[in-house]
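Everything below concerns the one structure shown next.
The values are calculated or read from the model by the stated rules, or taken from the named source; none is laboratory data. Fair warning: this is a prediction, and the values are worked out from it, not measured in the lab. Ideal geometry is used to build each Cβ from the backbone, glycine not excepted, and the neighbour counts take in all protein chains shown. The area values use the complete protein model at the heavy-atom level, side chains included, leaving out ligands, DNA and RNA. Shrake-Rupley method; radii C 1.70, N 1.55, O 1.52, S 1.80 Å.
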Amino acid sequence: MQLSASPYEERLTAPRSWWLMCLLIGVALALVLVPFGTLPLLGGLVGGTAASAVVASSYGSVRIRVLGDSLLAGEARVPLSALGDTEVLDPEEARAWRTYKADTRAFMLLRAYIPTALKVKVTDPADPTPYLYLSTREPERLAAALKAARAQA
């Protein structure tokens, strides 16, 4: 038996400019270590670049998936039966919901380098979380995938 493909999966990867910054961090560390000789300079270049690349990679490794009867967003796993209406947020509205409109009880999978988002209402009365704020590059597609998965379940 073949498992069905995920209707939606997105990795919130860091932008390309962050990888250039990783290299620049390595160069800066190498320059700090210049007085100590060539070997520490090379170690600083490689070590600084590698360490900052690991941080950028881990920050950009968060995934949003609609899988079976659940929404997986980062470390959260929410059953689709506990979710309500969705609202696609354009860059201006997403910024407002990240800042002054935000509810402190909300679950926010926030990546500042992604301008658009999807707001999903939580309908479970036992859950104090009013909504999920999910940074996504394709909010319309995620909303459609949630709707299709709920209809299928």
(message) Name the residue from Ala53, Gly68, Val34 whose Cα lies farthest towards the positive end of the charge dipole of the chain, charges +1 on Cβ of Lys and Arg and -1 on Cβ of Asp and Glu.
(response) Val34
(request) Would you rank Tyr133, Tyr59, Tyr113, Tyr100 by solvent-accessible area, highest first, keeping every protein chain in place and using a 1.4 Å probe? (result) Tyr100, Tyr59, Tyr113, Tyr133
(message) Given Cβ point charges of +1 (Lys, Arg) and -1 (Asp, Glu) and nothing else, what value in debye, to the nearest 20, does the dipole of the chain about its Cα centre take?
(response) 200 debye
(message) About the Cα centre, and with charges only on the beta carbon of Lys, Arg (+1) and Asp, Glu (-1), how big is the dipole of the stretch 73-114? Nearest 20 debye, please.
(response) 220 debye
(request) Starting from the amide H of Tyr8, placed 1.01 Å from N in the peptide plane, find each other amide H under 5 Å away whose residue is 5 or more places distant or on another chain. (result) Val66
(request) Please identify, among Gly37, Gly84, Gly60, the residue showing maximal mean-square fluctuation in a Gaussian network model of the chain using a 10 angstrom Cα cutoff. (result) Gly37
(message) What are the membrane-span-like helices in the chain by this rule: whole DSSP H runs, Cα extent along the axis at least 18 Å, mean Kyte-Doolittle hydropathy at least -1.0?
(response) 16-32, 38-59, 139-152
(request) Pull up the cross-link candidates among the aspartates and glutamates for Lys101, meaning alpha carbon to alpha carbon under 15 Å and not fewer than 8 places away within one chain. (result) Glu87, Asp90, Glu92, Glu93
(message) Under the rule of at least 5 residues apart or a separate chain, name every residue whose amide H is placed under 5 Å from the amide H of Thr136.
(response) Thr116, Ala117, Leu118
(request) List the lysines whose Cα lies under 24 Å from the Cα of Lys147, skipping any in the same chain that are fewer than 8 positions away. (result) Lys119, Lys121
(request) Would you indicate which of (1) 8.3; (2) 13.0; (3) 12.5 is the value of mean projected area of the Cα convex hull in nm² derived from the coordinates of this structure? (result) (3)
(message) Just to make sure I understand: if all protein chains stay in place, what is the order of Arg137, Arg150, Arg111 by accessible area at 1.4 Å, largest first?
(response) Arg137, Arg150, Arg111
(request) May I ask for the distance between the Cα centers of the stretch 88-153 and the stretch 1-72, given as a whole number of Å? (result) 25 Å
(message) Mean-square fluctuation check for the chain, GNM, Cα pairs under 10 Å: which of Leu71, Leu80, Leu42 is largest?
(response) Leu42
